[in-house]
Amino acid sequence: RTFLMSRPELGLSPSRGGPLAKNTLFLVELLPPKKRLALRYLDQGGPRPRRQARAVVFFGAQAEPNITEFAVGPLPRPSSYRPLRFKGGRAIPFAARPMTQLEYELLHRTLAEAMEPLYRLLRDTTGFWYHNCSRHCLTFSDIAPRGLASGERRSWLILQRFVEGFFLHPVGLEVLVDHRDPDPRRWAVQRLWYNGQYFSSPQELAERYERGTLAVARLAKPPFQQLFSSYEPRGRFATGTPTEVHGAKVCEPQGRRYRLRGNRLEYGGWSLAFRLRSSAGLQLFDLRFNGERLAYEVSVQEAIAFYGGHTPAAMQTKYMDAGWGMGSVTYELARGIDCPDTATYLDAHHFYDTDGPVRFSHAICIFELPTGVPLRRHFDSDFQGGFHFYAGLEGQALVLRTTSTVYNYDYIWDFLLYPNGVMEAKVHATGFIHATFYTPQGRRYGSRVHSHVLGNLHTHLVHYKVDLDIAGTGNSFETMDVRFENISNPWSPGARLGSRLGPLTAWLGSAWHSWGSPGRGGRWVLPPPRHPHNVGLLLSPGNGPNPAPVPRRYHLAVTRHHENEPTSSSIYAQNDPWEPLVSFEGFLRNNETIEDQDLVAWVTVGFLHVPHAEDIPNTATPGNAVGFFLRPFNFFDEDPSVASRSPVIVRPLDPPTFSQLEIQRWTPASPGPCVAPGPFTYNGTYRQE
């Protein structure tokens, strides 16, 4: 920041305050090195790649405003910068830029002025209004995409009562504001929707109300306590079992079994580096098991939610959360709730729509989690009331977690590492549903969840990049399908057998490696992603946003690695989905071979969410989690978790009496007591340093 702000030719001004028509530094994050340079350093003892930053600059003060991305370096003391180019060399339209705090402040002023003629209507029907409102204020949620074609910047705003959980308090008024012009004095309200009817101006709506010809919706005064959108307890469980005492907790009775050195994480056979990028979220790099690289990168790319509805805001809503700073809204994780008390908590620094780095306390947590089910076990019965042996290995996984609170929704992002060489990527959806004002016509598009609230039907889709390097970068991809085969029974002439040959799955790996063969090969399996509800990813393109910016059509797509295809989406897709700068379809249409190449798997997971009354106050995590696994297949000669010293084996010494048992274990006989930590604390602030 200091280096770029000092360059007179850029003419940069502070982001906060002042006009929109200025040049500002919007985003700074670390730019990954080219993969070939990183591998040369990691594997061949080559030079350490020089590091650079990615800097996004809004040039709003020019006659033709634009956005330019720069590579700035070398770090940590930069001395030069150069423009970064998107694939195809296209320029970034200024209208595609993400929203900023300054633009929201100007939008608020525009709306406050436009709502003055509606003061009586809003006061009489909601008890809240927009200007000079003290403790009875309205607020708004904005919808995207912002318009119907590239270059537009017209946002539908849902007006809501500003109470706790305001997302669930729409008042029946939605307003379309054109805010494309850099001069907010030229912004204008173009349309309004109130309680099922459209109006061309606030004055028209106000006149209809004054004449008494408007169908109004009067809302009850919200209570001061136990508001339906709050977390305050209400009601009782029928059994009367206690909830006012602490429940089960995770503990580490003999200390941590993982090692953290900077951003390098080690656990059992696993090692990896991780980062939290402001634009899109968690990235894993150099993922290894027992020293052998399995993946160069596994990362979150995009999260989208496409809605249906009867109101103009609802029918327009197609959220693409990378365009809302999905990786930068990583607020404080609450100890003992968001992560176990015993977790390691890490801060994150983001430079996103700010005038200096902002520290987000406890934005990441790392912890070992008892899975509650053994990793493997067997009871070997003698079928006479006794047994030959019992053996079991308790189930545990290391969890790397962060969250993204993208306005109403909270995404909980997890990567889990299991001792048997399995990695799981998982995301839970929680937070407030995106709700609109209830009308009878809206019931086709959702559920009535409160007196005047409609929970709108929507599809969540999340995209991951999985750059697997199985025994090197020369990998291939194949699938195995299910079929049945009728064969003659070799031991009973004339009889037929039906034999199932295999499950539907996908493989990505190097040449076949059979048990005991020399050299290193094997496969890693991407089983079909887990979806809690059936959801088809082939959505109708219709006349809406081009489906190209988001990879929503494919559960799994495999492409060759290219340095100019680092991500499947961008921070600009949300506000210009019609002519996307990153078109994932273009990754697939070049007809390249994917045999024995450096391959990248792109995985889409998702679910259909039909909101219901139980989503009040918040959507719960059970049943609303999706993800995928990476599993070894003939990569090892046996389950690699046999290296763990945590199994227990029980053998009878005197069958058939079974009065003496040999208990064999490699850990202390008792785990010891769990030490209770101090009282719960929370700060919740994130401030520029």
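Figure note: F360, F379 ranked by solvent-accessible area, largest first, 1.4 Å probe, ligands and nucleic acids not counted: F379, F360. Qualifying GluC sites (Glu not before Pro) in segment 139-243, where qualification requires a DSSP coil assignment and no more than 13 other C-beta atoms within 10 Å, comprise E164. Out of all Cα-Cα pairs in segment 1-84, roughly what percent, to the nearest whole number, are more than 20 Å apart? In whole percent, the long-distance tail amounts to 41.
Only protein heavy atoms count here; under a 1.4 Å probe, H434 has an accessible surface of about 10 Å². Put simply, the amide H of T403, placed in the peptide plane, has neighbours under 5 Å in W413, leaving out anything fewer than 5 places away on its chain.
I want to make sure I understand the PRE zone here: with the label point 7 angstrom from the Cα of L661 toward its beta carbon, which residues in segment 388-405 have backbone N atoms less than 15 Å away? The answer is 388-393. Convex hull volume of the C-alpha atoms in the chain, normalised per residue: 227 Å³.
The trypsin sites (Lys or Arg not before Pro) found in segment 553-610 that occupy coil by DSSP, while having at most 12 further C-beta atoms within 10 Å, are R589.
Please name whichever of A425, H458, P490 sits farthest to the positive end of the charge dipole of segment 379-505, dipole taken about the Cα centre and charges placed at Cβ: Lys and Arg +1, Asp and Glu -1. So the residue furthest toward the plus end is H458.
Shown is the FRET efficiency for D380 and N132, computed with R0 = 45 Å from the Cβ-Cβ distance and rounded to the nearest 0.05: 0.05. Which entries in K22/K87; K35/K318; K87/K318; K318/K465; K221/K426 show an alpha-carbon gap greater than 30 Å? Cα-Cα > 30 Å for K35/K318; K221/K426; rest within. Listed by chain and number, the aspartates and glutamates whose alpha-carbon sits under 14 Å from that of K249, ignoring those within fewer than 8 places in the same chain, are D338, D341, E368. Answer rounded, prolate or oblate for segment 559-613, using the Cα gyration tensor with square roots of eigenvalues a ≥ b ≥ c: rounded when a/c is under 1.5, else prolate when a/b is larger than b/c, else oblate. Oblate, because a/c is 1.5 or more while a/b does not exceed b/c.
Quick query: amide H of M326 versus all other amide H atoms, modeled in the peptide plane; which residues come in under 5 Å with a sequence gap of 5 or more or a different chain? Those lying under 5 Å, H to H, from M326: there are none.
The phi-based Karplus calculation (6.51 cos²θ - 1.76 cosθ + 1.60; θ = phi - 60°) puts the 3J(HN,Hα) values of segment 566-574 at x, 9, 8, 9, 8, 6, 9, 5, 4 Hz, whole numbers, x for Gly and Pro. The distance between label points at S451 and E585 comes to 4.7 nm (points 7 Å beyond Cα on the Cα→Cβ vector).
Amide hydrogen proximity for F26: with H placed 1.01 Å from N in the peptide plane, the residues at 5 or more positions away or on another chain lying under 5 Å are V56, V57, F58.
Over all distinct Cα-Cα pairs of segment 362-453, the Kirkwood formula returns a hydrodynamic radius of 17.6 Å. Using alpha-carbon positions, what is the distance between the centroids of segment 29-80 and segment 451-493, in Å? Segment 29-80 and segment 451-493 have Cα centres separated by 36 Å. The distance separating the Cα centre of segment 129-192 from that of segment 250-315 comes to 35 Å. Measuring max minus min along each principal axis, the C-alpha atoms of segment 101-211 give extents of 39, 33, 24 Å (largest first). With the cut-off at under 20 Å, measuring from each backbone N in segment 204-235 to a point 7 Å along the Cα-to-Cβ line of E116 picks out 204-210.
Considering only L118, F360, G255, and ranking their Cα positions along the charge dipole of the chain that arises from unit charges at the beta-carbon of Lys, Arg, Asp and Glu, the one farthest toward the positive end is L118. Cβ-Cβ distance of S670 and N634, R₀ of 45 Å, FRET efficiency by 1/(1 + (r/R0)^6): the value works out to about 0.70. Per-residue extension of 0.36 nm, minus the Cα-Cα distance of S230 and L30, leaves a gain of 68.2 nm for this segment.
Entry comment: accessible area of the chain is 48 Å² per residue, from protein heavy atoms only and a probe of 1.4 Å. A straight chain from R16 to T243 at 0.36 nm per residue would run longer than the Cα-Cα distance by 77.1 nm.
The values are calculated or read from the model by the stated rules, or taken from the named source; none is laboratory data. Since we're looking at a predicted model, the values are computed, not measured. Don't worry about glycine lacking a Cβ; one is built from the backbone with ideal geometry, like all the others, and counts go over all protein chains shown. When the accessible area is computed, the model is the full protein with side chains, heavy atoms only, and any ligands, DNA or RNA have been set aside. Shrake-Rupley method; radii C 1.70, N 1.55, O 1.52, S 1.80 Å.
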